[in-house]
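Rule-based calculations on the coordinates, nothing more; no lab input. Being a predicted model, the structure only gives us computed values, none of them experimental. Heads up, the Cβs are rebuilt from the backbone with ideal geometry, glycines too, and the neighbour counts pull from every protein chain shown.
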Amino acid sequence: MRKETGLFDEMHKTLDELNGNGILLVTGDPPNLMTIGWGTLGVIWHKSIFTVMVRPTRFSFEKMEKSKYFSVCILPEGFEKQLALCGSKSGRDLDKIGVCGFTMEKGIRISTPYIVESTVHYECRIVHKHRLDPGTLDTAIDKRFYPKKDYHMVYYGEILGVFRNEKVG
């Protein structure tokens, strides 16, 4: 059973997860999973926004470019191996959902599914995107994180709902 929860009730927990093992981005049809360790939550344009970053070399980039929606799923403890796999293997070559044993369910407010085993999931509608501009990026960040010059696309997702799994969390 999923219960809608408030964004700010979950925000600090989500930021802690981003600083820990990461969380899962779900996008596309059929869906693909990608572990993310970077993201922001905030208010832009009078909307609650979840910002995620995806490199153009990732399979999830192809999926995001064809989608209007994405979900972000926070897993409970004990899923570290699945998070590691989803962050190191490509959905082009592997059915990550099947290998990880995840159960997917259609979103509550969007067509993109979420992971049933997650404690919390966010459902988001892409309202803007832009590629990082190396000309305005701090040179130390550029040097450290972009030696291959594979600059992220930044996706701004309006948060349409935040849902807690009452059985897990």
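Among the aspartates and glutamates, which have Cα under 17 Å from the Cα of residue 106 when same-chain residues fewer than 8 positions away are ignored? Result set, ordered by chain and number: 4, 29, 117, 123.
For residue 81 and residue 137, FRET efficiency with R0 = 35 Å and r from the beta-carbon atoms, rounded to 0.05? E between residue 137 and residue 81, to the nearest 0.05, is 0.55. Rounded to two decimals, the Cα-based Rg/Rh of the stretch 90-169, with Kirkwood Rh, is 1.09. At what distance in angstrom do the alpha carbon centres of the stretch 90-169 and the stretch 17-69 lie from each other? Centre-to-centre (Cα) distance: 2 Å.
Cβ-to-Cβ counts within 10 Å put 44, 97 in ascending order as 44, 97, the fewest first. Each principal axis of the stretch 56-138 carries a Cα extent, and these read 41, 29, 24 Å when sorted largest first.
Each residue in 120, 154 was given a count of other beta-carbon atoms within 10 angstrom of its own, and listing them fewest first yields 154, 120. For the chain, the spherically averaged projection of the C-alpha convex hull amounts to 9.7 nm². Taking 18 Å as the straight-line reach from the Cα of residue 47, the lysines in range (excluding those fewer than 8 positions away in the same chain) are 68, 129.
From least to most packed, judged by other beta carbons within 10 angstrom and beginning with the fewest, 45, 38 follow the order 45, 38.
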